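Engineer: Take a look at the following structure, please.
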Amino acid sequence: MSDAPILSCSKLVRRFGDFTAVGGIDFAVKAGTIHAVIGPNGAGKTTFFNLLTRFLPASGGTIRFMDHDITDVSAEKVAKLGLVRTFQISAVFQSQSLLDNIRIALHQRLGGTMAFWRSGRSMNRLDKRAMELLDQV
């Protein structure tokens, strides 16, 4: 595993008018590691994640992901690079199995369309990768 971080930010800032929600954060994450961001309500945790995933533009600083400067890249393009966030309100299909939910996510990521009139067997090609991902967690 490389010592270079897969995700980092330097002097990351987000202001809303005169209010500074995120003030000069330096942060680095190496591949394969797990980190937590903790703090009280209003500390800027969600704003920080929204900056990293480009849901919000930074007021200052830089963000790097997989050796790319993504500071001014759209959220859609950052997601295609593989950096996405989840929301507290889960967007899973509760009537579907866990495997089906993973296959749907993989299908969308690979650029597939949801042709509901097709047989569900058309998604079977995604089973191996879905099971690999489930094994990781």
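Engineer: Report, by chain and number, residues whose modeled amide H sits under 5 Å from the one on V22, excluding near sequence neighbours (fewer than 5 apart, same chain).
Structural biologist: Here the answer is R14, since their amide H atoms fall under 5 Å of that of V22.
Engineer: For labels at H68 and F27 in the simple 7 Å Cα→Cβ model, what's the distance in nm?
Structural biologist: 1.9 nm
Engineer: What order, most packed first, do the peptides 6-19, 43-56 have when packing is the mean number of other Cβ atoms within 10 Å of each residue?
Structural biologist: 43-56, 6-19
Engineer: Can you give me the distance in nm between label points at S97 and H35, each placed 7 Å from the Cα along the Cα-to-Cβ direction?
Structural biologist: Here the modelled spin labels are 3.7 nm apart.
Engineer: Whole-Hz Karplus ³J(HN,Hα) for segment 64-80, in order, using 6.51 cos²θ - 1.76 cosθ + 1.60 and θ = phi - 60°, x for Gly and Pro?
Structural biologist: After applying 6.51 cos²θ - 1.76 cosθ + 1.60, I find 10, 9, 6, 6, 10, 7, 10, 3, 10, 8, 5, 4, 5, 5, 5, 4, 5 Hz.
Engineer: Can you list residues from other chains, or at least 5 along the same chain, whose modelled amide H is less than 5 Å from the amide H of R85?
Structural biologist: Those qualifying (amide H under 5 Å, at least 5 residues apart or on another chain) number zero.
Engineer: Just the Kirkwood number for the chain, please: inverse of mean 1/r across all distinct Cα pairs, in Å, one decimal.
Structural biologist: 17.2 Å
Engineer: Under a straight-distance cross-link criterion of Cα-Cα below 25 Å, which lysines are reachable from K45, leaving out those fewer than 8 residues away in the same chain?
Structural biologist: K11, K30, K77, K80
Engineer: Just to confirm, what accessible area per residue do you get for segment 1-86 at 1.4 Å probe, in whole Å²?
Structural biologist: About 64 Å² of surface per residue is accessible.
Engineer: Related question: Take the alpha carbon atoms of segment 1-77, find their radius of gyration, then divide it by 2.2 N^0.38 Å using N residues; give the quotient.
Structural biologist: 1.09
Engineer: Given H placed 1.01 Å from N in the peptide plane, which residues other than close sequence neighbours of I6 have an amide H under 5 Å from its amide H?
Structural biologist: Here V29, K30, A31 satisfy the definition.
The values are calculated or read from the model by the stated rules, or taken from the named source; none is laboratory data. The structure displayed is predicted, hence computed values, not measured ones. Ideal geometry is used to build each Cβ from the backbone, glycine not excepted, and the neighbour counts take in all protein chains shown. When the accessible area is computed, the model is the full protein with side chains, heavy atoms only, and any ligands, DNA or RNA have been set aside. Shrake-Rupley method; radii C 1.70, N 1.55, O 1.52, S 1.80 Å.
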